[in-house]
Amino acid sequence: MRLIAAFALLALIPQEEKTFKIDDFEGELAGWTLFKLEGGAIAEDGESKIAVVKDGAKAGKGALAYTHEVTAGVIRVLGRQGEIDLSGMKSLRFWVKSSAATAVVVSLTERNGAGYQAAFSVGTGAWQEVAVNLDEFAADDPAKDDNGKLDLDQIASFHLFDFAGFLAALVPDTKGTRTLGLDDVRFSSKPVPFTTGFTSATKVVPVHLVDNFESPVIRWSPLSVEFGDALKINLYDAPVAVDTLAPPTGGKQALKFSYPRKAAKAHAIMRSVEKIKLDKAASLELWLRVSHDGTYIVNLEEKDGSRYDKVVELRAADGWTAFAAAFGEFALAQDSQDENGRLDGAEIKQIVVADATALLGGAAADEVRLWIDEVRFILSP
């Protein structure tokens, strides 16, 4: 009994944090390479530039500045080659800044070529912390890895790329020159707060948590659609941020989305779940709160483009409102079609929460705030 008690006490002793530094950019720039993906081919990127800058670093005296041109169909990649052993590491942490709001993807590649990725949104002009657990990285192509998991002792390279090259084909305004700042890139033996992944709401209900926003990583992307002579799609044209206003059953933070409500325009917030295994998902739950009364649409889209909607009326005076709907309660969107007329969990690729108030004749507002928290799929036992 004394031996068991001793081990129990040992478990309570805080363990010293161990770190593996990739780069803090305090010295000469070394080990980083630039290349591009275009038409399925990989080539050196002689058009982009990287440099250590001493003005405006987040930590210390230097930071990396990565300047590149956003061109439709061309993916610009900042890479650091060389095998690293991350055994015992639990999380990746770094600071990033962008001259234009965008989505950034960080990737770890194993010796066998299997890649594991984590994506997040970055705002404009301010340093933003990224802190993500390594077990939250998702396989880019599960077929490339026999065991289906990130092997920390087999990491061969670290990559960072701007997702804007994909987006520019859909939204021409995305094109142009931009600069990404990077600082204090390191791995840590300490995990960050759990924000996404399989969990259990009770002892009998399995859940896949999509997001609880308890870390600084923002995985949701803002977009808007303008209706006129020609349909116009805008991305990252309104700010998103973590906020300390949280629902009663939530943690300490929620996501806040701020935007103007205008006629013939709909703002929405979107989260990709394409790489999440949702074949047993049966319903969706989340918390919502608004600063102005409105009509909102919670939308689930399948990989083939089929879209299913659930309309919810939100009142500012109600505060936080719990949304819970079984898949059977979602209706096929009027301008959509599906081969089987059924929302299939295994086919869901994204969640969208859209403000349809102005499109339905509601009053305009200079700044509407929408809060979202505790987004999760309830799975069949």
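Points worth noting:
- The tail of the calculated P(r) for the stretch 308-356 beyond 14 Å holds 61 percent of all Cα-Cα pairs.
- P(r) for the chain, from all Cα pairs and a bin width of 20 Å, is 25, 57, 17, 1 %, short bins first.
- Electrostatic dipole magnitude of the stretch 108-182 [Cβ: Lys, Arg +1; Asp, Glu -1; Cα centre; debye, to 20]: 380 debye
- Using alpha carbons only, the radius of gyration of the stretch 31-136 set against its Kirkwood radius gives Rg/Rh = 0.95.
- Shown for the stretch 280-341 is the translational diffusion coefficient from the Stokes-Einstein equation, using the Kirkwood radius over Cα pairs, a temperature of 37 °C and a viscosity of 0.692 mPa s: 256 µm²/s.
- Placed amide H near SER157: partners under 5 Å, 5+ positions off or other chain: THR109
- In terms of packing, defined here as the mean over residues of other Cβ atoms within 10 angstrom, the peptides 152-163, 338-349 line up highest first as 152-163, 338-349.
- Only helical runs count toward this figure. For the chain, summing -39,500 (n - 2.57) over DSSP H runs of n ≥ 4 and dividing by all residues gives -1000 deg cm²/dmol at 222 nm.
- Taking every alpha-carbon pair under 8 Å whose residues sit at least 6 apart, the chain reaches a relative contact order of 16 percent.
- Close amide H contacts of LEU332 (hydrogens built in the peptide plane, cut-off under 5 Å, sequence separation of 5 or more or a different chain): ASP309.
- Measuring spread by the Cα atoms of the stretch 230-381 yields a radius of gyration and Dmax of 15.4, 46 Å.
- Sequence-distant lysines (8 or more away, or on other chains) whose Cα lies within less than 20 Å of LYS232: LYS175, LYS262, LYS265
- Distant alpha-carbon pairs in the stretch 327-381 (separation over 13 angstrom), percent: 77 percent
- Under conditions of 25 °C and 0.890 mPa s, the stretch 241-298 yields 171 µm² s⁻¹ as its translational diffusion coefficient, taking Rh as the Kirkwood radius over Cα pairs in the Stokes-Einstein equation.
- Heavy-atom surface of the chain, accessible at 1.4 Å and reported per residue (Å²): 49 Å²
- Surface composition of the chain: carbon and sulfur make up 53 percent of the accessible area, probe 1.4 Å.
- Prolate/oblate/rounded label for the stretch 104-256 (Cα gyration tensor, a/c 1.5): oblate
- Amide H contacts of ASP23 (H built 1.01 Å from N, under 5 Å, at least 5 apart or other chain): VAL185
The values are calculated or read from the model by the stated rules, or taken from the named source; none is laboratory data. This structure is a prediction, so every number in the text was calculated from the model and none was measured. Here the Cβ is made from the backbone with ideal geometry for all residues, glycine too, and neighbour counts use every protein chain on show. Protein only, heavy atoms only, side chains kept; ligands, DNA and RNA dropped before computing areas. Shrake-Rupley method; radii C 1.70, N 1.55, O 1.52, S 1.80 Å.
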